[in-house]
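Okay, structure first, notes after.
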Amino acid sequence: MRTSDQRIEINGGLILTSAKSLEGVEKLVECMGEILHQPDFVPSVERILPQSWVMGEDVVTLTADMLSPPIATVDEMSYTVSEVTKALPRDHVPHLLNYFHEVGSVLHFSRHSLLRDFIFPAPRFVVDLLKTLYRHDIQSLTLTTVDDPKKQPQNDVRHRLTDADFEQMKRELTENGTVSVEFLRLVWSHFGVERQHYELLLTLLFKFDLAYPKCKNADTHRQM
């Protein structure tokens, strides 16, 4: 995941792809493969790890399975790993997290001012979450299919919206590329995302260049 902290530039200009027909995807994968073979992007994954680090990774993996959603603060994870392994001092755990971020086991952006205090121990969760906005069947979504009352019984956004409101949100996204935070809260409800996580997840969208504030003076909690 070292590449997630760097901006990758593809020589030769923009490669157009289609999520529906998959046109251009093979070319994109080929170009990405060439870039990722460069030593600057690929960490050393053959180093011999201390036994305590291996134990620590197991603890992080088990913790991810128990968290819903799988998001934790670095302090929480450091305490858990230190207590369970009995072999890693608490202040050593961030070094372990940085390494496992580089090899792709976790996401931990230690150099990002807003994200450095958090860890995403299940990278696949983040991928699934972010790609809900980038899908060819976005028009098929309805309020019924995105709302999950079992996971989010107090989904106040759902109760304020009509089907017409939701259709308008989809049109804004597909025609103008504009997405409201209310729309995000709906499509993310199946992931058990809680209110305190939205600012964090919006920051991820911005970090990966998947979204931008619509206007510097606009309320980023409303539109992107």
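The values are calculated or read from the model by the stated rules, or taken from the named source; none is laboratory data. From a predicted model like this one, the values you see are computed outputs, not experimental measurements. Here the Cβ positions follow ideal geometry from the backbone for every residue, glycine too, while neighbour counts run over all protein chains shown. Areas reflect the complete protein model, heavy atoms only, side chains present, ligands, DNA and RNA absent. Shrake-Rupley method; radii C 1.70, N 1.55, O 1.52, S 1.80 Å.
Going through the cross-link list Lys86/Lys207; Lys27/Lys131; Lys27/Lys214, which pairs have a Cα-Cα distance over 26 Å in this structure?
Details: Lys86/Lys207 35 Å; Lys27/Lys131 20 Å; Lys27/Lys214 31 Å.
Checking Cα-Cα distances, Lys86/Lys207; Lys27/Lys214 exceed 26 Å.
Per-residue HN-Hα couplings for the range 19-25, Karplus 6.51 cos²θ - 1.76 cosθ + 1.60 at θ = phi - 60°, whole Hz, x for Gly and Pro?
6, 8, 9, 6, 4, x, 5
How long is the gain from Asp117 to Thr178 if the chain were fully straight, where each residue apart is worth 0.36 nm and the alpha carbon distance is subtracted?
19.1 nm
Would you rank Val25, Val106 by solvent-accessible area, highest first, keeping every protein chain in place and using a 1.4 Å probe? Numbers along the way, then the final one.
Numbers: Val25 50, Val106 5 Å².
Reading off the accessible areas and sorting them downward yields Val25, Val106.
With every protein chain left in place, what is the accessible area of Tyr79 in Å² (1.4 Å probe, nearest 10)?
120
Counting other Cβ atoms within 10 Å of each Cβ, which chymotrypsin sites (Phe, Trp or Tyr not before Pro) in the range 100-139 have at most 15 and sit in a DSSP loop?
Working: sites: Phe100, Phe109, Phe118, Phe125, Tyr134; in loops: Phe109, Tyr134.
Loop-located and lightly packed - Tyr134.
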